[in-house]
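See structure below.
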Amino acid sequence: MSEVKKIATREGYGDGLAELGAVNPNVVVLDADLAAATKTGVFKKAFPERFFDCGIAEGNMMGIAAGLATTGKIPFASTFAMFAAGRAFEQVRNSIGYPHLNVKIGATHAGITVGEDGASHQCNEDIALMRTIPGMVVLSPADYVEAKAAVKAAAEYEGPVYLRFGRAAVPVINDEASYQFEIGKGLVLREGSDVTIVATGIMVSASLEVAEKLAAEGISAEVINIHTIKPLDKDTILASAKKTGKVVTAEEHSVIGGLGSAVCDVLCENNPVPVCKIGMNDVFGESGSAAALVAKYGLDADGVYRKVKEFLNK
Amino acid sequence: MDNLELKITANEVRKGIVTAVHSAKAGHPGGSLSAADIFTYLYFEEMNVNPEDPKNPDRDRFVLSKGHTAPGLYATLAHRGYFPVEDLTTLRKLGSYLQGHPCMQHVPGVDMSSGSLGQGISAAVGMALSAKISGKDYRTYTLLGDGEIQEGQVWEASMFAGFHKLDNLVVIVDNNGLQIDGKIDEVCSPYPIDKKFEAFNFHVINVDAHDFDALRAAFAEARQTKGMPVAIIAHSVKGKGVSFMENNAGWHGKAPNDEEYAVAMADLERIGEQLCQK
């Protein structure tokens, strides 16, 4: 591929919050001692009176966010995905999800591209956890532009939203001037007729790369960007599956309970077709550079390409 | 309200608790009864609330962090006029808005859903923080169980409240000394409770939870406290008012059968008659 600009989606979170703060005085940002890493520091610098560091106490942070939301504030509670969805799961479920409060959870450093910190910090379970909570919207943007747009869309939506961002820089595939984000709307980024690749997060740009490579071999792959895991765009997925008859899912997340599972639910109930789920195969990650890890676990373009070829040759 | 009126009202609240739990054949009478005087004082004397306008943005807030004592809150709200007293007998039944634990979406007057212990105090801190951000002068009250403070989240929330000097927040601990598995100081002692809150930069007031003069003085002192949140450690009797439930951990989460219900109501009727003779 030609030279593309690479920016981490967490940068889109921070910049999106700062832009939002300027136009919406109800936005309050909370963090748990990770403001530099989650990029909420950008908001803190611009609006210090609406930024609160809760210290290393994620459960309490979720509860404070809930309390703020009951009074009309729009809190963004920010920490790593591991602690937002993992450690604070029950607070998110009971204090935010059950009363359906207008809290936004900004979860950065999701997936294995956390890199060197290793398995303890590489959350591959958050999509699964969050999508089981009734009424929770789950967003997983693919690039910086989409991340920023997702932050604004989340603020406009009334209800709890989980936003998933990554640590590592990924290609910017959307044009900021023209990009429009609609919660629940899958985006067909490339049309094809032989196989559908349904991807989310950082796997979207990798999937586009794979589709390009397949095209050179005469294989026509359709690529769908699912930036909203819940509510899932069933129509777009079903229409594509009907056309291609074969579906690959790609996510930087466990193959259990994430995008792949959500897509399988829809296909099984409506139009069963063969599916190949690409993700973390029920294993923990490990320390290493983000690039080395995605290569080892088959979550880079080469890995996805190999899996798609195996699947098509079955 | 004067003390006699408060006592009469609290006695009616206790009847509501026992009646609701008996009707539900499940629920938590012990901790509801120990907190009945606190509930009554808050809703009939202390808090700026209006049942005609339960969502008023400037109202005082209350979070029942010990959410299992919903019968106590519901009975108080019903007697305060938020919903019909007769509805208390629908507690915990299919289709009732009076869920086993408070649900803010369905019960008028409930400011926060709660029930999973340790979480309500954090929401109360968020409400108090919001008032500080917006320059509003409403106050936030939250009631915790003494067993509940074994939850670490209580201290996360307390650290934040003390650090941010949330003097518009009052944390009340219903110190009845009993939890499901027995005495709190035999299960996993949280004592000294007052010293712990002091260490988190709270102004701490110890009070007899069943003495309205003492409660009046404590809440007045809380209002006068500036620059730090207040913790009121309310020393109470679990099951207060019902002879066979008093100081008995077995009545933490058990409903009286028909015979027991009759005895309980007779106890409360007798107390009510004595009050009316005063």
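All of the numbers you see were taken from the coordinates with simple rules; none came from a lab. This one's a predicted model, so the numbers in the text were calculated from it and none came from an experiment. A quick note on method: Cβ atoms are made from the backbone with ideal geometry, for glycine too, and the neighbour counts reach across all protein chains shown.
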When chain A is treated as a GNM, springs tying every alpha-carbon pair under 10 Å, which of A:Glu176, A:Glu217, A:Glu146 comes out with the largest mean-square fluctuation? A:Glu217
Viscosity 1.306 mPa s, temperature 10 °C: Stokes-Einstein D of the stretch B:103-247 from its Kirkwood Cα radius, in µm² per second? 101
Work out the FRET efficiency for A:Lys45 and B:Lys132 from their Cβ-Cβ distance, taking R0 = 25 Å, and round it to the nearest 0.05. 0.75
In terms of Cα to Cα distance under 20 Å, which aspartates and glutamates are near enough to A:Lys234, apart from those fewer than 8 places away along the same chain? A:Glu182, A:Glu191, A:Asp194, A:Glu222, A:Glu251, A:Asp265, A:Glu269
Residue-averaged [θ]222 nm for chain A, counting only DSSP H segments that reach four residues, each worth -39500 (n - 2.57): -10500 deg cm²/dmol
Highest GNM mean-square fluctuation among A:Val273, A:Val247, A:Val23, for chain A with Cα springs under 10 Å, belongs to A:Val23
By the C-alpha gyration tensor axes a ≥ b ≥ c (rounded if a/c is under 1.5, else prolate when a/b exceeds b/c, else oblate), the shape of the stretch A:155-290 is rounded
Between the stretch B:187-217 and the stretch A:1-41, the Cα center-to-center distance that results, in Å: 42
Taking chain A as a Gaussian network, Cα atoms linked when under 10 Å apart, which of A:Lys243, A:Lys185, A:Lys44 shows the biggest mean-square fluctuation? A:Lys243
At what distance in nm do the modelled label points of A:Ala216 and A:Arg190 sit from each other, each positioned 7 Å from its Cα along Cα→Cβ? 1.1
Projected area of chain B, taken from the Cα convex hull and averaged over every viewing direction, in nm²? 13.2
For B:Val187 paired with A:Ile256, estimate the spin-label separation in nm (one decimal), with each label point 7 Å from Cα along the Cα-to-Cβ line. 3.2
So what's the angle, to the nearest 10 degrees on a 0 to 90 scale, between helix B:152-163 and the longest Cα principal axis of chain B? 50
Calculate the spin-label point distance for A:Ala295 paired with A:Lys6, positioning each point 7 Å from the Cα along the beta-carbon direction, and give it in nanometres. 1.2
